[in-house]
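Notes follow once the structure below has been shown.
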Amino acid sequence: MNRPGIAPLGMWAGLSVPVLACTWLRLEEPAPLWRPAAGLAALAVATALHRRRRPVAAFALAAAPGLAFAPALFTLSYGAALAVLAHLMGLRALTTRPALLTFAALAAAGTAKIAARQVDPTAEWLVLMATLLFGAVFPWLAGRHRRQSRELAAAGWARAEQLEREHRIVADRARLRERARIAQDMHDSLGHELSLIALRAGALQVAKDLPGPHREAAAELRAAASDATDRLHGIIGLLREEDDEPAPLAPPGETVAELVERAAASGLPVQLHGTPPPEDRTAYRVVQEALTNAAKHAPGAAVTVETTRAHNGRSSRDSQDSQDSPDSLTITVTTAGPASRARQGSTGTGTGTGTGLQALRTRVTDLGGTFEAGPHAEGFRVRATLPTIPTRSTAVPPDPRTRTPGTARAFVAAAVAGTVLTAGAFTWYAYRTTHAVLTPRAYATLPLGTPEADAEQTLPALTISDPPVDRAPAPPPPGTDCRYYRASGELFVSVDHFRLCFAAKAPHALIDKTLIPRTGQ
């Protein structure tokens with residue numbers, strides 16, 4: 001059975017244990033009973049505020065008793081509550097600004113209270129800063145670390161789910177790309193071969209030495225090749241979507257020069273000018289598509305294939321003209337004659353969808369080049385300019401995971417500053433404590449009436465900065481200057497103190513010696 005009130009009640013009970021223990025065992029200076037009662041009430045309200053998702057207000061209320069009842073915020077009664085609620089504030093608070101403002105307010109209020117006491121503020125201010133740092137800031141940072149660890153874990157699982165979805169999308173996309181690859185390969189390879197078959201059949205059809213029945217068979221072969229090309233285009237339309245990107249194909253087995261020679265051997269009047277690159281699949285596809293369209297839409301028309309290279313803005317046909325690497329390669333395929341005036345690849349003597357030219361345009365522009373296809377003079381021209389120098393930066397961006405997070409830098413800086421501050425505070429406190437000790441034996445050797453000048457030889461060099469005047473059994477005599485010394489050099493515990501009062505007038509004799517007992521005696 002779920003009882004929402006059990007957890008806050010248990011939390012309040014746990015935070016109340018140090019208060020009750022210190023009150024019962026008298027571990028701190030005696031105080032009226034209303035003080036621990038007020039502190040327990042403040043902790044109860046702080047627990048309720050934390051339950052209502054107000055961690056900053058809960059922490060501020062938990063710090064209030066220590067700030068009100070202790071000179072430097074440090075108390076055994078409320079130190080645990082301060083650290084616990086600071087940790088929970090770091091764990092629950094969404095932003096850091098309210099917590100930082102609360103820390104600053106506590107530091108300012110504690111400093112003002114210490115300054116108002118009119119005693120040496122150094123030791124108490126260092127204790128205040130150390131308490132605020134170790135009792136509040138560090139627990140808060142630990143809570144922030146836990147919160148960020150949880151968020152990172154949740155983000156990691158979300159990222160894993162997202163990657164799994166992306167992997168499924170990539171697999172689906174790979175299947176689509178394979179379908180596009182098959183379609184493009186069928187169009188480029190089979191379409192080209194069928195066009196050459198139709199071209200050869202047309203040459204047989206018009207041969208004068210061929211008997212009539214053979215001419216009819218050649219005409220049927222040409223018609224069948226054209227129909228097969230049209231059906232191939234229809235299949236490609238089913239396999240390849242309009243927005244499919246060009247799929248990467250394996251390099252063809254022949255070069256551009258070999259492709260032109262094979263087309264010429266099939267009866268296509270084609271000439272090659274320039275030296276094409278031996279291995280450039282994009283240039284090969286451009287020439288192959290242009291020759292296919294010429295054979296299909298303008299049979300018998302003269303075709304010219306020209307390759308030029310640009311070196312620092314100057315064009316040349318031969319790759320041997322310059323020792324430098326070319327900047328770009330331009331392939332121009334021109335089909336001459338009235339028969340080629342119709343737009344190749346879309347309309348003309350045969351039906352076409354323009355799939356090949358569209359795929360070439362996308363492929364060339366993706367490489368950073370330019371592509372043109374259209375009527376030119378008395379024919380049709382296809383021109384593609386391909387860059388041979390990469391136009392896009394290939395620098396790998398820095399991995400964001402290698403950057404030091406801002407929170408980690410802040411945590412390291414706070415840890416270093418806290419360590420230095422704490423070491424300095426402890427060193428100063430230990431120095432002041434050990435150099436203001438008057439042993440009981442030395443105290444006993446100072447009888448009343450001893451001149452101050454003689455007593456200086458026995459007294460320690462320093463006096464304590466925070467004398468326990470409230471625990472003295474009697475006020476100092478009037479007209480005296482009093483000094484306070486510790487009876488022991490023990491640190492962080494309550495010890496006996498000695499008060500020595502000298503006359504304000506010469507010969508400044510010792511007129512009062514008082515033992516101030518430790519807390520709880």
Within the range 438-474, restricting attention to residues that are within 58 Å of the chain's Cα centre (by Cα) and among the aliphatic types (A, V, I, L, M), which residue is farthest from ILE516 (Cα to Cα)? ALA461
Which condition breaks for LEU446 when tested against (1) surrounded by 13 or more Cβ atoms within 10 Å (Cβ to Cβ); (2) assigned to a helix (DSSP H, G or I)? (2)
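What about ALA302, is it modelled with pLDDT of 75 or more, surrounded by 15 or more Cβ atoms within 10 Å (Cβ to Cβ) and not assigned by TED's automatic domain parsing to the domain that holds PRO375?
For ALA302, the condition - modelled with pLDDT of 75 or more, surrounded by 15 or more Cβ atoms within 10 Å (Cβ to Cβ) and not assigned by TED's automatic domain parsing to the domain that holds PRO375 - is not met.
Which of the residues spanning the range 75-96 are more than 33 Å from the chain's Cα centre (by Cα) and either surrounded by 20 or more Cβ atoms within 10 Å (Cβ to Cβ) or not hydrophobic (A, V, I, L, M, F, W, C) (or both)?
Answer for the range 75-96, where residues must be more than 33 Å from the chain's Cα centre (by Cα) and either surrounded by 20 or more Cβ atoms within 10 Å (Cβ to Cβ) or not hydrophobic (A, V, I, L, M, F, W, C) (or both): THR75, SER77, TYR78, GLY79, ALA81.
Report whether or not LEU100 is within 38 Å of the chain's Cα centre (by Cα) and surrounded by 16 or more Cβ atoms within 10 Å (Cβ to Cβ).
Against the criterion (within 38 Å of the chain's Cα centre (by Cα) and surrounded by 16 or more Cβ atoms within 10 Å (Cβ to Cβ)), LEU100 does not qualify.
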Which residue pairs have Cβ atoms closer than 6 Å, lie 6 or more positions apart in sequence or on different chains, and pair a first residue in the range 137-161 that is in contact (Cβ under 8 Å) with a residue 60 or more places away in the chain with a second residue that is among the charged types (D, E, K, R) and assigned to a helix (DSSP H, G or I)? none
Could you tell me which of the residues ALA395, ALA423, ALA417, ALA384 is modelled with pLDDT of 75 or more and loosely packed, with under 13 Cβ neighbours inside 10 Å? ALA417
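The values are calculated or read from the model by the stated rules, or taken from the named source; none is laboratory data. Just so it is clear, the model here is predicted, and its values are computed rather than measured. Glycine also receives a Cβ, built like all others from the backbone with ideal geometry; neighbour counts cover every protein chain displayed.
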